[in-house]
Amino acid sequence: QVSSGCARRETLNLTIRDFIESLSDYTDSRNIYEIIKELKHNKEVVPTFKLTRQKTGNTYYTFCSPEAVMYILAYLEADNRVLKLDSPLFSISERVFITKYTELNDKLGLGKKGNHRRFRSHMLRKFHASNLMMGENPLTLDEIDSLQGRSKDKTHRSYFMDDPSLLKQKYMEYIPVLTIPNRK
């Protein structure tokens, strides 16, 4: 979620098929087990996800970091499920997903802000958007909205089509600020 900016619902709705399709620039295989073997050591993979934002029904493109891909592939390799195209990418229910954020928030002693715990999945979308606005060549609000599947007004929708390859080029400049440093 940190590197893709996906909301909880889109993250939980991802399927193995979505993941395979996002990797089409890096492999022709449609077999997840072959893909795991082929790409698990490749540190240059930046998948292109074509998703539908559940809240708005908008189709949008987003990406995730090579770090995220490596962890997803390791997760799938260790997963004991039979992985089919329509299988969820992550085998976790929404309830458990929310519970894990709650437990982490409480373990870190972050408390609440209003009625909500401070650390929740929406915070990662905010982190994603905020970090894409930093630096010498920041993404525009429209580009960030595009990456996160937020609605455009009717005029912008009819005149401006998002070019996923241009968005990806710009996104790739920001991968260093969308990754979690390995602190060993």
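Just so it is clear, none of the values below were taken in a lab; they were calculated from the coordinates. Here the structure is a predicted model, which is why all the values come from computation and not from measurement. Positions of Cβ are generated from backbone atoms using ideal geometry, with glycine treated the same way; all protein chains shown enter the neighbour counts.
The dipole here belongs to the chain: it is taken about the Cα centre, uses +1 on the Cβ of Lys and Arg and -1 on the Cβ of Asp and Glu, and is about 1020 debye. Near residue 105, once Lys and Arg are set to +1 and Asp and Glu to -1 for all other residues with Cβ below 10 Å from its Cβ, the sum equals +4. Sequentially through the range 30-42, phi angles give Karplus couplings (6.51, -1.76, 1.60; θ = phi - 60°) of 10, 9, 4, 5, 5, 5, 4, 5, 6, 10, 5, 10, 7 Hz, Gly and Pro residues having no value and appearing as x. The spread of Cα positions in the range 43-82, taken along each principal axis and listed from longest to shortest, comes to 34, 27, 12 Å.
Shape summary: the range 51-106 maps onto an equivalent ellipsoid whose semi-axes, from the alpha-carbon gyration tensor, are 20, 19, 14 Å in decreasing order. Since only 91, 179, 114 are under comparison, the one whose Cα sits farthest along the positive direction of the charge dipole of the chain, derived from C-beta charges on Lys, Arg, Asp and Glu, is 114.
In whole percent, what relative contact order does the chain give with Cα contacts below 8 Å and a gap of six or more residues?
Once normalised by length, the contact order is 30 percent.
A viscosity of 0.890 mPa s and a temperature of 25 °C, combined with the Kirkwood radius over C-alpha pairs in the Stokes-Einstein formula, give the chain a diffusion coefficient of 140 µm²/s. Distance between the pseudo-spin-label points of residue 170 and residue 106 (7 Å out from Cα toward the beta carbon): 4.2 nm. With a Förster radius of 25 Å applied to the C-beta separation of residue 93 and residue 54, the computed FRET efficiency comes to 0.95.
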